[in-house]
Amino acid sequence: MNKSIEFYVSQYSNFLDKETCENVLKEIKNLKWEEHTFYSPKEQKYNNLSGEQELDSLYNLQSIPTIDTLTKKLWFAIDKYVTSLNFNWFTGWQGYSSLKFNRYSLNKKMAEHCDHTRDLFDGTRRGIPILSVVGLLNDDFKGGEFVMFRDVEIKLKRGDLLIFPSNFVYPHRVDPVTEGTRYSFVSWVW
């Protein structure tokens, strides 16, 4: 077992090709976006952590044609990640969440956090989030760096996928976009 926490952050270059990314963007750009929020267990409510800089999100989206393509490809990437760990005691995972899309327009960001997402489990599903999945749909923007561990920038390009454990040891954020609009998607594995 590797004792370096960075070892468990895996980046898959060109997970999605240019055409798929462009098709997804065409399908989501004009949909109804909502302000992103984080759930606070202490306060038992949802909060905006970045004030005027909070990004926008699309939740539980299942009506766009490319969703099936994305979710099928995602299954193989998650399986590849879990298999690559080669832990005989970690034999699998039960599922992954619907994709959530994030839009970062000028000066928007995501505050530093860890993925202790609670909305995965609605009473039907049981488990805990074990992996976070982040995919970048475009790279024609400036700023919007994905940063882990407070100071490690993960350089993502259009079509790249990032998988890492969903726990407090993997804090991450997205810095403010300074030009253009950044689009990404996320999912959580349990």
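The values are calculated or read from the model by the stated rules, or taken from the named source; none is laboratory data. All figures in this text were calculated on a predicted structure; none of them were measured in a lab. Methodologically, a virtual Cβ is constructed for each residue, glycine included, from the backbone with ideal geometry; neighbour enumeration extends over all protein chains shown.
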* Structure fact -> Conditions (1) surrounded by 12 or more Cβ atoms within 10 Å (Cβ to Cβ); (2) of a type in the set (Ser, Thr, Tyr); (3) without any contact (Cβ under 8 Å) to a residue 40 or more places away in the chain -> Thr20 fails only (3)
* Asked: Can you find even one residue in the stretch 176-189 that is within 14 Å of Glu112 (Cα to Cα) and assigned to a strand (DSSP E or B)?
  -> no
* Structure fact -> Exactly one of Arg173, Arg182 is at negative phi, surrounded by fewer than 22 Cβ atoms within 10 Å (Cβ to Cβ) and within 14 Å of the chain's Cα centre (by Cα), and that residue is Arg173
* Structure fact -> Among Gly143, Gly159, the single one that is at pLDDT 95 or above and out of contact with any Phe, Trp or Tyr (no Cβ under 7 Å at 6 or more places or on another chain) is Gly143
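Just a yes or no: is a residue in the stretch 147-165 closer than 18 Å to Asp56 by Cβ, not in a strand (DSSP E or B) and not hydrophobic (A, V, I, L, M, F, W, C)? Before you say what the answer is, go through the steps one by one.
At the first step, the residues of the stretch 147-165 found to be closer than 18 Å to Asp56 by Cβ are none.
No; the residues of the stretch 147-165 include none that is closer than 18 Å to Asp56 by Cβ, not in a strand (DSSP E or B) and not hydrophobic (A, V, I, L, M, F, W, C).
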* To do: Could you look through the stretch 29-64, keep only residues that are within 16 Å of the chain's Cα centre (by Cα) and of a type in the set (A, V, I, L, M, F, W, C), and pick out the one that is nearest to Phe185 (Cα to Cα)?
  => Leu58
* Asked: In the stretch 89-107, which residues are part of a loop (DSSP other than H, G, I, E, B) and either among the acidic types (Asp, Glu) or within 16 Å of the chain's Cα centre (by Cα) (or both)?
  -> Gly95, Ser97, Ser98, Leu99
* Across the stretch 68-85, which residue is surrounded by the fewest Cβ atoms within 10 Å (Cβ to Cβ) among those that are closer than 12 Å to Val24 by Cα and more than 15 Å from the chain's Cα centre (by Cα)? -> Asp68
